Structure formats: structure tokens, C-alpha cells
Amino acid sequence: MKKIISSLIFIFAFALYVAFRPHAAASPIIVSDMSSAPTITPVIIYNTPTKKATTPVVRKTLNVTTVKKQTSVKKASTPSMMHHKQIPVMHRGPYVDGIYTGQIADAYYETFQIRVVIKNGSLVKAYPLPYRQYNSTSQYINNYAMPVLSSEALTIQNAQVNTISGATETSRAFRTSLADALHKAT
Amino acid sequence: MDGMKNIKEVRDIMGMPITVEVVGARAARSVLDEVFAYFTYVDEIFSTYKTESEISRINRGELSLETACADVQSVYEAANQTCKETDGYFNHRTPDGTIDPSGIVKGWSIQKAAALLKERGVENFCIDAGGDIQTNGVNTDGTQWSVGIRHPFQTDHIAKVVYPHGKGVATSGTYLRGEHIYDPTTGAPVVTPFISMTLIGPNIYDADRFATAAFAMGKRGMHFIEMLSGYEGYAITHDMQAQVTSGFNEYTKS
């Protein structure tokens with residue numbers, strides 16, 4: 001019994017130490033720092049564990065972006081252009097390697113923005129920026145227990161149909177923002 | 001089977017392409033003109049882009065809701081009701097305090113246009129306003145109307161074919177305006193795994209308003225649809241997967 005009590009006290013003391021040691025407080029500060037960044041924070045959409053071959057590179061690039069955002073906040077004029085130092089730049093495609101963000105395109109009902117990733121001079125990824133900010137709280141809320149819904153692979157079909165659902169306006173705006181992002185990459 | 005008589009026309013109204021196709025003996029040019037005239041009227045009244053629309057005048061304080069036309073009042077009521085039904089995830093009030101009912105006007109006007117066609121005796125039709133669709137009856141081949149769900153990146157292609165059987169089909173995308181992508185209960189940005197969410201609902205008005213709300217809910221949006229009786233959803237995720245509600249694939253059969 002005595003042993004149990006003394007080990008409980010030890011565990012409690014250790015827990016106190018862990019909770020109050022100075023370094024423990026450091027990381028939440030960085031998080032709040034990021035969430036208060038005024039404009040576009042790096043997109044973490046692709047920061048999920050299930051990824052294909054190109055993803056580690058992309059993730060690395062995004063991390064570089066994060067650092068740059070925090071250290072050079074005043075250089076607002078070129079926020080979308082980030083050169084990647086770890087990867088040798090080979091200009092096989094027409095563009096300069098990096099991550100570029102297109103202008104916000106108006107889709108009448110909606111507005112949005114495209115970010116492109118250029119690797120070896122070629123466009124390897126283009127995706128919309130759905131959020132201006134990202135923080136762990138909202139991620140926690142959105143990860144709250146969900147029923148299992150069935151998933152299936154996304155296919156590309158050529159079938160003849162009478163009409164198509166999906167915002168045509170946003171597709172047009174997608175191309176507008178994409179064209180702008182690629183223009184910045186030249 | 002020989003194709004039935006059909007007339008199809010696309011016009012740019014409300015800042016988007018609107019396609020109306022009517023099929024059968026009662027299909028007539030004059031009916032199409034009437035439908036397009038209706039959409040033009042809706043645009044005149046509700047557009048936040050037109051300075052003389054009733055909505056713009058209300059937002060400038062020149063017109064009160066009580067003295068606005070009946071359509072404005074009924075849309076306003078519908079928006080309020082939807083806001084309640086979706087726990088505030090559908091919100092027609094912008095952060096600066098003005099009203100922007102465009103999230104509800106689209107589905108509402110398609111629904112009204114469909115009712116107008118039925119009133120004129122047209123039983124077979126397909127109305128597509130900027131990707132939100134209401135069909136009825138059969139197409140010119142005499143078979144069920146087919147609707148493709150646009151592929152998010154290969155925009156000239158489709159990801160899925162559905163047969164709505166007279167139900168409404170609406171797609172909400174990632175590219176929603178600012179006020180829609182913040183969680184109204186916390187003010188925090190909504191992190192969503194989805195690029196687009198397509199809803200099949202009892203009619204286009206309901207499908208459209210719940211598609212908007214469900215998309216704003218992020219990951220929980222599909223849960224919301226799953227719990228909503230009479231609705232099925234198909235969502236495309238950023239990692240190129242499709243998530244479907246339990247009854248969705250019933251609509252993939254003609």
C-alpha cells in the first residue's frame with residue numbers, strides 16, 4: 001500500500017513538472033501566433049498521413065512556407081513566391097519552381113483562390129484555398145466522432161448525360177485564378 | 001424510339017448560365033421565354049450587384065422589409081427558417097450586417113420556374129441554373145434524365161452519373177464566400193476535407209439550401225445529410241476520394 005501511495009505521489013509530481021516546465025508552454029504560443037496571421041496561412045489540406053509519392057516534397061515545401069511566413073511578415077509584396085532550396089531546380093518545364101497563389105477570383109455566388117505547386121518547371125498540383133486560417137481547435141471540432149460513411153474511388157467518366165451538376169461559375173473562376181498563379185510562376 | 005419534341009435554350013442570367021429544356025407535346029418556345037423572363041425578374045429584385053434591386057435598397061436602408069414585395073418577404077422568411085434548421089450553418093446575413101439572400105434565391109427561383117412549367121402543362125423538363133438542377137418526367141429519348149457530377153479538376157469530365165427521378169440536385173463547392181466557411185457557433189474557420197458536396201433532395205429548393213449548409217459544416221456535413229431523411233449526398237475529398245451516404249447509390253440506377 002505504501003509503495004502504491006509513494007509511486008502515486010511520484011507520478012503526480014512528475015505530471016506537475018511536465019505541465020509547468022518552461023518549454024511546454026512554447027508550442028501553444030506558436031500555434032496562436034499562426035492563427036492570428038492576418039492573411040493566407042499555408043494550406044494544410046495535404047498534411048494528411050495518406051499520401052502519394054509526391055506528397056513528402058509538397059509537405060516539406062509547405063513547412064518552408066510556414067517558417068518564411070513567420071519570420072518575414074513585413075515582406076508582404078511577395079508572399080506567394082517560395083523557392084525550395086532542398087530540391088535541385090531543373091527548368092524542364094516553362095515555370096520557375098515554387099508555390100504560387102493566384103488572385104481571388106469572383107464566381108458571382110462564391111469567391112476563391114488557387115494555389116499551384118511547380119516542380120522541375122512543371123505544374124504538379126493545383127488546388128483551391130478553402131480557408132484563410134487553420135487552427136487546431138476547429139480541426140478538433142471537425143474531427144469529432146463521425147459515423148462511418150462509405151467511400152469509393154473518384155473516377156473520371158466520359159458518359160453522355162443530359163446535364164451536369166457542379167458550379168460552372170466556379171470552374172471558370174478556377175481557371176482565372178489558376179492562370180494568374182501560373183503567370184506569377186513565369 | 002424516336003425522340004420526342006424538345007426545345008432547349010441557354011441564357012446568361014443572374015451571372016450564370018441557365019439551361020432550360022422542355023420535352024413533349026406541350027413544349028413551346030413561348031413557355032421557355034416565360035421561364036427566362038421569370039429568372040430575369042428574380043435577378044432584378046434580388047441581385048446584390050444591381051444597385052436598384054430591392055435587396056440593394058433594403059441594404060442601403062431605403063426600403064424596409066415590410067414594404068418590400070411579397071417575393072422578397074417570402075425569401076427572407078425561407079432564409080430565416082433555413083438558418084434555424086441548420087443551426088446557423090446557413091446564414092444570409094453578411095458580417096457587415098447586410099442581407100445577402102443569394103444562397104437561397106437560386107434554388108428558390110428554380111423551384112418556382114419548375115412550378116411555372118407544370119402550370120403550363122409541361123411535364124417533362126430539365127432546369128439547370130449554374131449547376132443546380134430540377135428535372136421532371138423524362139428526356140427526349142423517353143428515359144430518365146441523367147445528371148453528371150462534375151469532376152472537380154477535370155472539369156470537362158464527370159465523376160458520377162445520377163438519375164434524380166424528379167428530385168433536385170445541387171452541388172456546393174469549396175469556393176464558398178467568406179461568411180460561409182466560418183463556423184457560426186465558434187467563429188473558427190471550417191476545416192473541410194471536401195472539395196464539393198452534391199445533394200439529392202426532395203426538390204431543388206431544399207437540396208440547394210441544405211447543400212450550402214452541409215458544406216459549411218465541414219467534415220460533419222455528410223453526417224448531417226446522412227441523418228436528414230429524404231436526402232442523399234456525394235462528396236469529393238481533397239485526396240480524390242468520394243464519400244457517399246447510405247442511400248446515394250440508389251440514384252445511380254436509371
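Numbers below:
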{"item": "Linear extension gain, residue B:6 paired with residue B:241, 0.36 nm per residue minus alpha-carbon span", "result": "80.9 nm"}
{"item": "Selection from B:18, B:92, B:7, by position along the positive dipole direction of region B:1-108 (Cβ)", "result": "B:7"}
{"item": "Peptide-level mean, for B:236-245, of C-beta atoms on other protein chains within 10 Å", "result": "5"}
{"item": "Shielding by other protein chains, B:149-159, mean Cβ within 10 Å", "result": "6"}
{"item": "Chain B: mean projected area of Cα convex hull, nm²", "result": "14.0"}
{"item": "Number of Lys pairs (Cα under 19 Å; 8 or more positions apart or on different chains) in region B:6-252", "result": "7"}
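The numbers here are math on the coordinates, done by the rules we state, and not lab data. Note that the structure is a prediction, hence the values are computed from the model and not measured. Every residue, glycine among them, receives a Cβ derived from its backbone with ideal geometry; neighbour counts consider all protein chains shown.
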